[in-house]
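What follows is a single structure, written as structure tokens, with notes after it.
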Amino acid sequence: MSDKNSFEPRIVAFFCNWCTYTAADLAGTARMSYAPNVRVVRIMCSGRLDPQFVLAAFREGADGVLVGGCHPGDCHYQEGNYKALRRVTLLKRLLKSFGIEEERFRLEWIAASEGDKVQRVINEMTETVRKLGPLHLEKPDITASHETVKVAGVSAGGTR
Amino acid sequence: MSKPKVAFYWCASCGGCEETVVDLNEAILNVVAAVDIVLWPVALDFKRSDVEKMPDGSIAVSFINGAIRSSEQFEMVEMLRKKSGLVVAFGSCAQLGGIPGLGNLFDRRGLLETVYKTCPSLTNGNTTTPVTSTKVEKGTLSLPELWDTVKTLDQVIKVDYYLPGCPPPPNLIADAVNAILSGKLPPSGSVLAPDMALCEDCPRRDSKPDKIQLSGFHRPHEIIIDPDKCLLAQGLLCLGSVTRQGCGSVCVNGNMPCTGCMGPTSHVADYGAKALSAIASMVDSNDEAEITAILDKIADPLGTFYRYSLPASLLHRAYAAGTNGGKK
Amino acid sequence: MPRQIVVDPITRLEGHGKIDIILDDKGNVERAYFQVPELRGFERFAIGRPSEDMPQITSRICGVCPTAHHMASTKALDDLYKVTPPPAALKVREMLYNIFFIEDHALHFFYLGGPDFVVGPKADKGSRNILGVLGKVGQEVGLKVIGTRKELRELMILAMGKAIHPVFGLPGGISKPISKDDRPRFVKAAQTAVEFGQFCLNVFDNIVLKNPQYMEYITSEAYTHKTYYMGMVDEKNRINFYDGPLRVVTPDGKEYVKFPGGDYLKHLAEHVEPWSYIKFTYLKGVGWKDFVEGSDSGVMGVAPLGRLNASEGMATPLAQEAYDMYMKTCGGRPVHFTLATHWARLVELLYAAERMQELANDDETYSPDVRVIPTEKPTEGIGVVEAPRGTLIHHYQTDDKGLITMANLIVATQNNAARIAMSVDRAARKLINNGEVDDGILNMVEMAFRAYDPCNGCATHTLPGHMPLIVNLYDREKRLLREIRRD
Ligand code: SF4
Ligand code: SF4
Ligand code: SF4
Ligand code: FES
């Protein structure tokens, strides 16, 4: 229905404070242009990415979710990014079963110095999601929902 | 002094939540003596008309089991809500959607197709499918329409308390009834069971390593299961670490992994996502290909992690026509 | 002026069974329809699930007979992986299955259907429940009933993990053996159960059989249907609940066919009506001829009535005596009186107790060897058991990983559904004349329901509890002419 070319995907990005978040900052200050479709959420480590955040993002209207963490071996907390990799691997399969295409969810290792990589990844992802079109999760009409409240309580970096 | 009035009601349920009340055994006689049961379709005479006539708020507590999947069920629970001081969502179906909630992997059309079109035992060449309205000679017969999406009780009415489990263990039921009778209730919205993980209470917890690292997963029929050792440490998908305790670890005592019927503890919004997170992070590898291979042994992530809670998940259901539970 | 009556046992609530009666111009019954207005679709959401999870998933079809689904499913997994469990596993399964039968049949007799008879169909409805039963048989006996049930349930938890929704079934065996240390408990409980079975038959004898009025109900024409019958039998054509071929007898009691459960598609088929979600099972070889009885119609009866008819006796001595007595009193095999089901159920209860006793006293039951690890590649499996309410069939196909690609379930109540519909129609015809609706229809219809103990929970999700009834009599403009309710 909606014209795919005029569709501007909304992408939620969870970026590790120590690497990708800094890189995105760098890209911003260096005026490397990347698609304005991304809302960045800073997390302390990709290992702090709770799969609940990802589901919540999709539910609240994201068409894609991007996760950025430190390169293997570079995580400030040693193991965090490996944990993220394991979770993301399984989460991808789960999302597929939910009817959410794999391409809408992406994990990338991006070092603090790699402003250009942030730019490239964001642009790529925006195009991929644009091609997929909007994610239609028609919300079942739920009148009294306790979980909205609870999710709000799960703040970024909160539970593991 | 008149005894407090209590109602039991069922929606899309299996009846196990009624049986578990019978499993109170002789304690049920005490319950019956202490309260005035105004509605309990399975064991006592049904009195819907009487309930309708009762003033709003005159039932002390209604225990409602089963998921909600039709307007008729919705109307009934709405009525009970009005008549009741407290509403307790009884069992995983009411609390989280339960196993019938797996219906949210599909839509109604697909469901009818499987049952009335592709099923192998139908009369050859069957073309009939039940419809909501059938003209027969001199009359019309009607059937209620089923909702596409199965819902939890608190997605349609306000719920005061939850009794978890599939079905809830009799001792928790007895405790809940006592708490209600004595007025010693926790804050509204609470789940009436200990707010700790099953592992803490499990007879095998001593054999559970502090940090579990798994280089593979097994399905229960693939291995001889050690009757004493932590099941997760044996590579079985035991969900005790993310599941609320209170059942007495009955499945583990049956030498089978916990599948999570008691639902999450209070810190978790989405049980399945939490379970996935906990299990995935235990994979003992840092190599992408190896991680993928190990996790591929989990044959059905959605059906496993959301066995009892798909309707309560953040996404509520699977989307898009043709979604078929993870298979191409 | 055509009119329509809706007998909606649950008023306008979501579906626990519903009856529509259409009258002709003279106000006589044109046709009564028994409808099941609910469907949960387990066959659909089974697709994609690991087959080994099916025993636990399908048990949620019904919390009254979860063990039946668990067992049929587990047997389907044995077949799926072409694996034969060790003898001990089979014995434990069968013993627990019989414990479940005792407990389920007792539940029906004391809590659900039985109160009608024990307390009396005309008794104050407020007393027709377990409490009324206790009043009638005495508190002491009542507590014994509760105590017996409790011990049986505890043994079920001990062996199966959970009594409601067991977890022990695996392809090739069970998740854990029963320890030798627990043997005395099983032996003792079995003895109590046998006594309990005899006690139940006594209660029935004293309260029901000695009362000519009850006997009149039982033999009443309204509930008599000459149909085929089906049930599982052993090699000597005696009843077995856990394993054996299915035997079908004709309306005059001759063997029509005997076939292994795996061949069910050759012999059984399901008829669909647009006005009910339940599918009506019938004998394929005879064919679907509408809701009619006789040897030309594929309609059949299952559950206790059907099983006793389809067998030539019981495999245990006390139950055999009870069987002979039953057949003699009811005029010989096959018994077509639907209400005799209550009695047949108690004969089965005694058999289940005696069978439990045999297995509890068998050394092999306590052998630690209860697992065989499947090695074959899974493709297709069929598992059949007798559920308390009739033959139950689970049929799965899977991919190489053992994920379900097709699940077909033929549940107990479906096999009886056409016969139930006929009883309802018969009762309506008998009681409604020239537009006069006798209030008694409520009693009659309810009695029919209860005898069948139709577990719509299996077919849909309801329990055979005390059914409230409302008859609405409408004129053609759907104006309410009259309402009769008993709730
Ligand atoms: S929670 Fe479990 S026992 Fe209760 S109705 Fe649902 S499936 Fe049945
Ligand atoms: S993982 Fe399972 S077996 Fe291990 S301690 Fe927890 S509940 Fe017990
Ligand atoms: S062990 Fe897990 S699945 Fe089993 S009853 Fe307890 S909480 Fe439910
Ligand atoms: S600190 Fe960046 S991924 Fe862990």
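Here are the numbers for this structure:
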quantity: Unpartnered cysteines - no second Cys beta carbon under 4.7 Å - across chain B; calculated: B:Cys11, B:Cys14, B:Cys17, B:Cys93, B:Cys119, B:Cys199, B:Cys202, B:Cys230, B:Cys238, B:Cys247, B:Cys251, B:Cys258
quantity: C:Ile373/C:Val141 FRET efficiency (R0 41 Å; Cβ-Cβ; nearest 0.05); calculated: 0.30
quantity: Percentage of interatomic Cα-Cα distances in the protein assembly as shown larger than 54 Å; calculated: 15
quantity: Efficiency of FRET between C:Glu154 and C:Asp234 - r from beta-carbon atoms, R0 35 angstrom, step 0.05; calculated: 0.75
quantity: Estimated vicinal HN-Hα couplings, Hz - the stretch B:146-162 in sequence order (Karplus 6.51, -1.76, 1.60; Gly, Pro = x); calculated: 8, 6, 5, 10, 7, 10, 7, 4, 6, 8, 10, 9, 6, 10, 8, 9, 10
quantity: C:Leu268 long-range amide H proximity, modeled H, under 5 Å; calculated: C:Lys284
quantity: The stretch C:27-97: Cα Rg divided by the 2.2 N^0.38 Å rule of thumb; calculated: 1.58
quantity: For the stretch C:392-398, Karplus couplings with θ = phi - 60° (6.51, -1.76, 1.60), whole Hz, Gly/Pro x; calculated: 10, 10, 10, 9, 10, 10, 9
quantity: Of all DSSP beta bridges in the stretch B:5-120, antiparallel share, percent nearest 5; calculated: 5
quantity: Distance between modelled label sites at B:Asn25 and A:Gln78, nm, 7 Å Cα→Cβ extension; calculated: 5.0
quantity: Efficiency of FRET from Cβ geometry, B:Asp228 and A:Met44, R₀ 51 Å, rounded to 0.05; calculated: 0.80
quantity: Cα-Cα over 23 Å, subset of B:Lys3/B:Lys83; B:Lys3/B:Lys151; B:Lys82/B:Lys151; C:Lys136/C:Lys430; calculated: B:Lys3/B:Lys151; C:Lys136/C:Lys430
quantity: Per residue convex hull volume, Cα atoms of chain B, in Å³; calculated: 179
quantity: Sequence-distant residues sharing a close amide H with A:Leu107 (under 5 Å, placed H); calculated: A:Val67
quantity: Rg/Rg_globular for the stretch B:186-263, with Rg_globular taken as 2.2 N^0.38 Å and Rg from C-alpha atoms; calculated: 1.15
quantity: From the C-alpha gyration tensor of the stretch C:141-298, square roots of 5λ in Å; calculated: 35, 26, 16
quantity: Simple spin-label estimate for C:Glu358 and B:Lys117 in nanometres, 7 Å along Cα-Cβ; calculated: 4.8
quantity: For C:Gly390, residues with placed amide H under 5 Å, excluding near neighbours; calculated: C:Ala303
quantity: Residue-averaged [θ]222 nm for chain B, counting only DSSP H segments that reach four residues, each worth -39500 (n - 2.57); calculated: -7000 deg cm²/dmol
quantity: For the stretch B:31-159, alpha-carbon Rg over 2.2 N^0.38 Å; calculated: 1.32
quantity: In sequence order, calculated HN-Hα J values of the stretch B:209-214 (Karplus, 6.51, -1.76, 1.60; Hz; x Gly/Pro); calculated: x, 4, 10, 8, 10, 10
quantity: Alpha-carbon Rg with Dmax, taken over the stretch B:247-294, Å; calculated: 14.0, 39
quantity: Length gained when the stretch C:Lys188-C:Thr219 is fully extended (0.36 nm per residue, less Cα-Cα span); calculated: 7.4 nm
quantity: Unit charges at the beta carbon, dipole of the stretch B:100-172: most positive-side option, B:Gly103, B:Gly165, B:Ser142; calculated: B:Ser142
quantity: Percentage of interatomic Cα-Cα distances in the stretch C:234-300 larger than 16 Å; calculated: 52
quantity: Contour minus Cα-Cα distance for B:Ser188 and B:Val136 (0.36 nm per residue); calculated: 13.7 nm
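We did not get these values from a lab; they are worked out from the coordinates using the rules stated. Remember, it's a predicted structure, so these values are computed and weren't measured experimentally. Positions of Cβ are generated from backbone atoms using ideal geometry, with glycine treated the same way; all protein chains shown enter the neighbour counts.
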